[in-house]
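Notes follow once the structure below has been shown.
Coordinate-derived values only; no laboratory data. In this text, all values refer to a predicted model and were calculated from it rather than measured experimentally. Using ideal geometry, Cβ is built from the backbone for each residue, glycine included, and neighbour counts are taken over all protein chains shown.
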Amino acid sequence: MSNYMAKARTNYFGVKNAEALKTELRRYGIDPQPWSAVQTGADFIFDDETAGKVAFFCDGTWPSLEEDAVADRLEADVDEQVPQDHIDLPALVAAHIEDGQVAIFMDIGSEKMRYLGATAVAVNAADDRRIVDLQDIYGLARELAAPGTVIGAAEN
């Protein structure tokens, strides 16, 4: 059995206060590390050294904000008070984005060559979103195929 391997990153986008965003990430047990920590194998990089903009880089999938995942990262019991102000990482970030800016969260992964997955989420300060998923290609492909044509999945 293979393991799912993923990578994720955002674009560079403006935030109201980078330190306040880092503080909120830490509330959820997410430890934002500087770009220099890439060499030490950091899971979550917070780059705020590019002309007043920030970007995230993640060796793996985006950290979940589900209650159990947050409790695990905080080494707390689920019964203890864990933050639940945001449904997911884009929602948390949306609360910190400068008006007019958009953060784009991209992730891609694979389980060897069995299957590939990728998603991109664009979010603004109002938490309005646009989402593109690699699996959407099957619906688009049906628009190109003759009626009744079976389109095989790119997986096994």
Checklist line | Full-extension gain in nm, residue 76 to residue 145, via 0.36 nm per residue minus C-alpha separation | finding: 19.6 nm
Check: So if R0 is 22 Å, what FRET efficiency would residue 98 and residue 26 give, r being the distance between their Cβ atoms, rounded to the nearest 0.05?
Finding: 0.55
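What's the magnitude of the charge dipole for the chain around its Cα centre, counting Lys and Arg as +1 and Asp and Glu as -1 at the beta-carbon? Answer in Debye, nearest 20.
740
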Next item on the list: Only one of the values [x] 32, 18, 11; [y] 26, 18, 16; [z] 31, 20, 16 was calculated from this structure for semi-axes √(5λ) of the Cα gyration tensor in Å; name its label.
Entry: [z]
Checklist line | Two-site label geometry, residue 129 and residue 50: point separation in nm, points 7 Å out along Cα→Cβ | finding: 2.3
Notebook entry, point to check: What residue among 117, 3, 95 has its Cα farthest toward the positive end of the dipole of the chain, where the charges are +1 on Lys, Arg and -1 on Asp, Glu, each on the Cβ?
Noted result: 117
Next item on the list: Using only Cα atoms, locate the centre of the stretch 80-156 and the centre of the stretch 1-69, then give the distance between them in Å, rounded to an integer.
Entry: 17
Next item on the list: List the lysines whose Cα lies under 20 Å from the Cα of residue 7, skipping any in the same chain that are fewer than 8 positions away.
Entry: 112
